[in-house]
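Report on one structure; see the data block that follows.
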Amino acid sequence: MPRLTAVIPVRNSLPELRPCLASIIGAANSFGGCQVIVVDNGSNDGSAEFITGTYGNLVKLVNLPDANIGMVRNEGARQTDTDYIAFIDSDCVVPEAHFFRAAQLLNEDESLAAVGCKVGLPDNPGWIESTWHKLHFPTQDRNPDYLNSGNLIVRRSAFEQVGGFSSDLITGEDAELGQKLR
């Protein structure tokens, strides 16, 4: 049984999905015992066809059109029973040791419910990305109040204990999950 599942929500993000999935498959191969699930929220840009055509049996594709992001993430979590669930947005690229390092941290300290890491900005970020980044990523190390779900690995038992992501929120589901986990 895989110990970790990567859940990637997608909706019409084919250009970003290509490097995202390549990095996740690389990290999954390096980690071993990792399942990859993409939950497609009604894409019409060829995302689903790309996934099945390029990754076939390496990636499980689940269709959940017209759902909010909390519902999409929760559906991905429901598709597996692994110890850890990694939520990674379709515009994120992860390093090869990503899953290994996260699992190592969670294995070393059973009091941790979740771990995450700083998300870098693209080369030419828009003002929303820049402002969001400044608000959530100060320059010094700290115990954060917030782990964004674009790059979050959570212990399944903790995720289930708090009921997962809220299916009532349009956005901010990650901040609310963090509050429940704390």
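Structural remarks
- The residues in region 6-15 that are outside any strand (DSSP E or B) and within 12 Å of Ala48 (Cα to Cα) can be counted, and the count is 4.
- For region 16-54, the set of residues classified as acidic (Asp, Glu) and assigned to a strand (DSSP E or B) consists of Asp40 only.
- Taking the criterion of being out of contact with any Phe, Trp or Tyr (no Cβ under 8 Å at 6 or more places or on another chain), of a type outside the set (A, V, I, L, M) and over 14 Å from Ile8 (Cβ atoms), the residues of region 53-74 that qualify are Gly53, Gly56, Asn57, Pro65, Asp66, Asn68.
Let's see how each residue does on (1) modelled with pLDDT under 60; (2) outside any loop (DSSP other than H, G, I, E, B); (3) surrounded by 14 or more Cβ atoms within 10 Å (Cβ to Cβ); (4) basic (Lys, Arg):
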| site | (1), (2), (3), (4) |
| --- | --- |
| Gly120 | yes, no, no, no |
| Asn124 | no, no, no, no |
| Ile128 | no, yes, no, no |
| Pro138 | yes, no, no, no |
| Asn143 | no, no, no, no |
| Asn148 | no, no, yes, no |
| Phe165 | no, no, yes, no |
| Asp168 | no, no, no, no |
| Thr171 | no, no, no, no |
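- Count - residues of region 4-60 that are basic (Lys, Arg) and within 16 Å of Asn74 (Cα to Cα): 2
- Extreme residue, surrounded by the fewest Cβ atoms within 10 Å (Cβ to Cβ), among residues of region 79-109 that are under 14 Å from the mean Cα position of the chain (by Cα) and acidic (Asp, Glu): Asp91
- The set of residues from region 83-103 being within 16 Å of Asn29 (Cα to Cα) and either assigned to a helix (DSSP H, G or I) or among the polar types (S, T, N, Q) (or both) comprises His98, Phe99, Phe100, Arg101, Ala102, Ala103.
- Any chance Gly42 is open to solvent by 20 Å² or more (accessible area, probe 1.4 Å) and more than 26 Å from Asp168 (Cβ to Cβ): no
The values are calculated or read from the model by the stated rules, or taken from the named source; none is laboratory data. Owing to the predicted nature of the structure, the values given are computational and were not obtained by experimental measurement. We place every Cβ from the backbone using ideal geometry, glycine too, and count neighbours over all the protein chains shown. These accessible areas exclude ligands, DNA and RNA; they are computed on the full protein's heavy atoms, side chains included. Shrake-Rupley method; radii C 1.70, N 1.55, O 1.52, S 1.80 Å.
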